[in-house]
Amino acid sequence: MERVVLLLLCAAPAARCYSSGQVTGSCADLRPHHSGISPQTNPAPFTVTADRSRYRDGEEVTVRLQAPSSTPFTGFLLQAREVGGASPLGSFSLAGGGAQLLTCNQRSNSAVSHTSESAKTSIQVTWRATASEDAKLIQFHASFVQNFRTFWVDVRSPSLTLSNDSTDGSVTPSFSPTVSMTAAPPPATVSSAGCGITKVCFSQPLNCDPAVSTDCHFMSASLSDAAVRFEMIGPAQGYISFGFSDDQLMGNDDIYICGLDSTGMVKLEHAFSTGRWTPQTLPLGNVSDVKASMQDGVIACSFTSMNPISTQRTTGFNKPHYLMFAHGPSSNGQILFHTGTFISNKKVDISSPQLVGKASQPYIIKAHGALMLIAWMTLGTLGMMVARYLKSVAKKWSYQGKDVWFLVHVVVMSVTVAATITAFILSFSHVKAWSGGAHPVLGCLVMILSFIQPLVALLRCGPHHPLRFLFYWSHALNAVAIKAFAVAAIFTGLKLIDRTDDQWLMKVMGALLGWEALFFILLEISFRWKHKDNSECKTEDLDLTLLFLFFLGHLAFLVALLVGIGMS
């Protein structure tokens with residue numbers, strides 16, 4: 001049975017005073033003893049990789065330290081540890097020159113270091129697990145030295161899983177698709193510092209700083225030689241992710257996912273999106289220096305990748321792509337459909353530092369929002385007010401044997417249902433999937449109940465039938481339910497498209513709802529006063545005045561919301 005554990009490997013570099021590589025004094029803290037000098041905090045240009053993602057007891061694993069030809073290292077220290085442990089595991093053997101074996105914690109051959117301060121671009125060694133040790137998931141960590149003042153600590157390899165079954169897949173070299181980490185504070189480097197100067201930044205709200213605001217969904221990329229340092233952070237229930245695409249639609253996208261696994265730990269995954277289905281997990285590849293955490297509901301990951309960006313149609317770091325960011329829930333380590341996403345307004349070359357803006361909502365989605373707003377905050381409201389409060393005003397008016405109030409009610413509500421059906425078709429024809437969290441659920445409820453309402457009206461019994469009251473109450477209650485679900489759907493829809501920092505659209509919608517509630521209360525008071533005194537003529541002028549004032553104010557709110565939707 002495959003068991004999972006995390007092995008941390010770290011290493012301390014050698015300086016000029018340790019050019020021989022005899023750095024056993026760094027076995028415990030894995031740091032070079034360069035007095036007064038601190039490690040580099042920028043991404044390391046070096047990588048640590050293994051030739052497989054699984055290993056067996058006593059089986060050899062090839063480990064390679066690699067540097068760009070333009071940035072060699074002079075010293076290094078390599079070690080293997082189980083996650084959370086402080087002692088080295090297994091033993092190394094040499095596969096070439098430029099390296100020597102060290103004894104750490106009284107364990108012979110448990111670390112590897114340099115033999116001289118000559119420039120190096122590649123070191124390859126072999127590691128073997130000791131059969132008596134029950135390590136599970138391991139990682140190789142290395143420290144690299146360029147010179148006395150320039151060195152990096154805690155550069156990590158992809159993880160390797162212990163697997164003693166016959167189907168461990170170790171014959172074909174591959175990399176682990178995920179890196180799991182213990183919970184820790186978000187990486188200090190995840191901030192907006194350097195945006196547009198040294199790195200590409202993409203966020204929602206626009207230009208937010210994740211170091212200041214916990215509501216900031218943010219990703220950045222900074223290219224150095226053939227490696228890119230990626231960062232992503234944001235509040236989420238299960239995962240955050242970013243990807244590269246040739247268009248602004250999901251499908252054929254190269255993505256990285258940072259989320260919770262089945263044990264509640266944070267992991268990094270590399271994946272490829274083939275459409276509107278769960279992405280296909282890929283080997284993590286040439287990724288190093290992974291840091292991941294979740295704190296107070298905010299998930300963060302930072303890592304260095306030498307994997308080329310590939311969408312099948314285009315490959316390479318210097319190719320422009322649209323940026324995508326998505327977040328949502330997960331279940332037992334499996335990501336579910338995202339509840340929020342935003343896409344860049346243009347193709348971006350990550351080798352050119354810049355601030356990237358978000359794409360506006362498609363016109364078809366704007367039309368959907370405008371139709372639902374007009375249908376249920378204007379037409380639907382008018383239809384309900386006429387049926388409830390204005391019968392007496394128009395009781396003397398008729399057309400072809402039908403009361404005018406009834407004809408107005410039927411026409412207005414029929415247009416409302418038609419607008420709802422049109423808006424429903426527009427949204428699903430564009431999205432072609434279930435997305436947006438509660439919003440589509442509420443929208444479907446509105447659609448179903450709106451379809452039922454006219455059918456019940458057509459099947460109603462006569463005005464003097466003893467069961468007429470059943471139609472009246474079912475028709476009225478269903479109308480109230482539709483109105484409630486429609487208001488909730490509009491609020492959740494506006495929240496999805498509101499780009500303002502202070503949620504301006506949500507506030508205007510709240511004011512409109514309060515304005516509507518106020519006039520419903522005033523009309524209800526007038527209605528009850530009318531029936532209490534058994535005099536309808538007293539309040540006819542009042543009802544018309546209230547109705548006029550309501551729609552005068554309502555028009556201002558409606559125009560503001562429609563403009564906001566158009567600008568989203």
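The values are calculated or read from the model by the stated rules, or taken from the named source; none is laboratory data. Note that the structure is predicted; figures quoted are calculated from it, not measured. Note: ideal-geometry Cβ built from the backbone for every residue, glycine included; neighbour counts use all protein chains shown.
Some values worked out for this structure:
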read-out	value
Meets criteria (touching a Gly at 6+ places or on another chain (Cβ under 9 Å), closer than 25 Å to Thr161 by Cα and not hydrophobic (A, V, I, L, M, F, W, C)) for Ser87	no
Criterion (touching a Ser or Thr at 6+ places or on another chain (Cβ under 6 Å), within 30 Å of Asp57 (Cβ to Cβ) and at pLDDT below 85) met by exactly one of Ser180, Ser176	Ser176
Criterion violated by Glu117 - all others in (1) at pLDDT 85 or above; (2) over 24 Å from Phe148 (Cβ atoms) satisfied	(2)
Condition met for Leu30 (buried (at least 17 other Cβ atoms within 10 Å of the Cβ), in a strand (DSSP E or B) and not basic (Lys, Arg))	no
Subset of the stretch 362-391 [buried (at least 20 other Cβ atoms within 10 Å of the Cβ) and at pLDDT below 80]	Tyr389, Leu390
Number of the exception - Ser262 against (1) at pLDDT 85 or above; (2) under 27 Å from Arg52 (Cβ atoms); (3) in contact with a Gly (Cβ under 6 Å, 6 or more places away or on another chain)	(1)
Single residue of Met219, Met250 found to be assigned by TED's automatic domain parsing to the domain that holds Ile335 and at pLDDT below 85	Met250
Glu516 vs. criteria at pLDDT below 75 and either touching a Lys or Arg at 6+ places or on another chain (Cβ under 9 Å) or within 15 Å of Leu373 (Cα to Cα) (or both)	no
Condition met for Trp515 (out of contact with any strand residue (DSSP E or B) (no Cβ under 8 Å at 6 or more places or on another chain), within 23 Å of Leu542 (Cα to Cα) and either aromatic (Phe, Trp, Tyr) or assigned by TED's automatic domain parsing to the domain that holds Asp209 (or both))	yes
Cys301, sole failed condition from (1) under 16 Å from Ala221 (Cα atoms); (2) of a type outside the set (A, V, I, L, M); (3) at pLDDT below 90	(3)
Failed item in (1) touching a residue at least 24 places away in the same chain (Cβ under 8 Å); (2) more than 36 Å from the chain's Cα centre (by Cα), with His465 passing the rest	(1)
Condition broken by Ser224, with the remaining ones in (1) more than 19 Å from Asn345 (Cβ to Cβ); (2) at pLDDT 90 or above satisfied	(2)
The listed residue being out of contact with any strand residue (DSSP E or B) (no Cβ under 8 Å at 6 or more places or on another chain) and modelled with pLDDT under 85, out of Ala418, Ala423, Ala438	Ala438
Conditions (1) within 15 Å of Met385 (Cβ to Cβ); (2) at pLDDT below 85; number of the one not met by Lys532	(1)
